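What follows is a short report on a single structure.
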Amino acid sequence: MSLLGTKWTVHGDGKAIRPGQVVSPQERLSWPRTIGIGLQHVVAMFGATFLVPILTGMPPATTLFFSGIGTVFFLVLTRGKVPSYLGSSFAFIAPIMASQQEFGVGGALGGVVMAGVVLALIGLLVQKFGAAWINRLMPAPVTGAIVALIGLNLAPSAKDNFLKAPVTALVTLAVIILVSVIFRGILGRLSILVGVVVGYLVAVMRSEVDFSKIHDAGWIGLPHFQTPTFHVAIIGLFVPVVLVLVAENIGHVKSVALMTGDDLDPYAGRAIFADGVATTLAGFGGGSGTTTYAENIGVMAATRVYSTAAYYVAACAALLLSFSPKFGEMIATVPVGVLGGAATLLYGMIGVLGVRIWVQNKVDFSNTINLTTAAVALIVGVADYTWVAGSLQFAGIALGTAAALVVYHGMSALAKWRSTVADPLTPESEPAAR
């Protein structure tokens, strides 16, 4: 059982946490308290996890089911050392929506499977060789550009939904903004969920919600499973997502290590591999791709409880909820106005996360290599440039990602050869003498 990370010791008296202490991943509080904290994790992941399938037209209950299954696999494969919940990844929204237009839901699921397999393989490589090679391939100027363009590429979709029900959308957006700044603690961190609930109530009053499917659905039943179909043409849509998931997983492991004081670097590869396995399983069954959730890091920081026991509780609760078709249909009734309001902030936040990567890593944009990398990648991604090569189609996210990698490494190699530009990773670098 210890190899699975399920042999927890009780922290202190199981009731209180002394000042300056935390409940480590392999500890737990009393089971009633652990269950309560686990349910907090469910609430924390709830809004974002459901928002992805609602935006992409995937079955919410199925996505919830695979998020629970994926979380269990993650905890087992990391041997209970890395506390995390695997929820729906926002990075999959754009490629799923794009692939559905031509190949339907099955084609989108095929792309999720391909991304999951590649991610799992990268995890194995990281476990064997370490993560240094990833940092060389995707330094901060490149990673920031890729994350930013994925969010900004979705801007037209947010606008379309917003304009279909502008009053509801505006109320939803306003509530999210107000809750995030007025309230502290867990409520402030659940601003998106609160905004969606208030927006939903407004939509009900404005007769924008169709309840017919809720009445027809049963209280207990299996989620809707669907098998994927595979098309070479969508590879270019999903490959960039893998790079983002790698960065998210490594960032998550580093964040938890910082808060707990544990050395989790040996588990970075396992975390990436586990997320790849979870994403692959989701794709084979009809769920959205997964990633480690920052929302749950907030719960851990607020409670000082990093016990993986709480995450097992959260995963079991998610699985139980997924077996209620009526609950799934209720989630699916969220109208486009609510989605438009939430997506306006959500997609923008994804874009700003890319900028945050630049800021945290002190990327120097007076260096022409960094500046050109960001400039070209963002325009290609935001304008949604498209290139068709035979049966393959590469859209804005794929081309923007390729542009970031090629421009950065190409310019760096030429600059090193000609000694014309300083190292782009050196803060406040100045051009070398010509």
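Under a Cβ-only charge scheme (Lys and Arg +1, Asp and Glu -1), can you give me the dipole magnitude of the chain about the Cα centre, in debye to the nearest 20?
Computed about the Cα centre, the dipole is about 720 debye.
Show the residues, 5+ positions off or on another chain, whose built amide H is closer than 5 Å to the amide H of THR290.
Distant-sequence amide H within range of THR290: SER89, THR279.
From the backbone phi of segment 74-88, what are the Karplus-calculated ³J(HN,Hα) couplings (6.51 cos²θ - 1.76 cosθ + 1.60, θ = phi - 60°) in whole Hz, Gly and Pro given as x?
For segment 74-88, the Karplus-derived couplings read 4, 5, 5, 6, 8, 6, x, 8, 10, x, 6, 10, 9, x, 5 Hz, x marking Gly and Pro.
Considering only protein heavy atoms and a probe of 1.4 Å, how much of the accessible area of the chain is carbon and sulfur, as a whole percent?
The nonpolar share, carbon plus sulfur, comes to 67 percent.
Name the residues whose placed amide hydrogens come within less than 5 Å of the amide hydrogen of THR229, ignoring near sequence neighbours (fewer than 5 apart) on the same chain.
GLY107, LEU109, GLY110
What does the C-alpha gyration tensor say about the overall shape of segment 221-337? Classify as rounded when a/c is under 1.5, otherwise prolate if a/b is larger than b/c, or oblate.
Judged from the Cα gyration tensor, segment 221-337 comes out oblate (a/c at least 1.5, b/c at or above a/b).
Residue-wise, which Karplus ³J(HN,Hα) couplings in Hz belong to segment 148-162, taking 6.51 cos²θ - 1.76 cosθ + 1.60, θ = phi - 60°, and x for glycine or proline?
5, 5, 5, x, 6, 4, 8, 3, x, 5, 4, 4, 4, 5, 4
Students sometimes get this wrong: rank LEU55, LEU170, LEU75 by accessible area, probe 1.4 Å, all chains present, largest first.
The ordering from most to least exposed comes out as LEU170, LEU55, LEU75.
Please report, in debye to the nearest 20, how large the charge dipole of segment 190-269 is about its Cα centre when each Lys and Arg carries +1 at its beta carbon and each Asp and Glu carries -1 there.
Computed charge dipole of segment 190-269: roughly 240 debye.
Using only the Cα atoms of segment 239-284, build the gyration tensor, take square roots of its eigenvalues as a ≥ b ≥ c, and label the shape rounded, prolate or oblate: rounded if a/c is under 1.5, else prolate if a/b is larger than b/c, else oblate.
Note, shape of segment 239-284 comes out prolate.
How much net charge surrounds LEU237 when only the other residues with a Cβ under 14 Å from the Cβ of LEU237 are counted, with Lys and Arg +1 and Asp and Glu -1?
Result for the local shell: -2.
With the chain treated as a Gaussian network of Cα nodes joined by springs under 10 Å, which of THR172, THR143, THR372 yields the largest mean-square fluctuation?
In this elastic network of the chain, the residue with the biggest mean-square fluctuation among THR172, THR143, THR372 is THR372.
Using Cα centres only, tell me the gap between segment 230-282 and segment 125-159 in whole Å.
When both Cα centres are located, 11 Å separates them.
Read phi for every residue in segment 353-362 and hand back ³J(HN,Hα) as whole Hz from Karplus 6.51 cos²θ - 1.76 cosθ + 1.60, θ = phi - 60°, with x for Gly and Pro.
Working through the residues one at a time gives 4, x, 5, 4, 4, 4, 5, 4, 9, 6 Hz.
The values are calculated or read from the model by the stated rules, or taken from the named source; none is laboratory data. Because the structure is predicted, anything quoted here is derived from the model rather than measured. When we count neighbours, we look across all protein chains shown, and the Cβ atoms used for this are built from the backbone with ideal geometry, even at glycine. Ligands, DNA and RNA are excluded from the accessible area calculation, which covers all protein heavy atoms including side chains. Shrake-Rupley method; radii C 1.70, N 1.55, O 1.52, S 1.80 Å.
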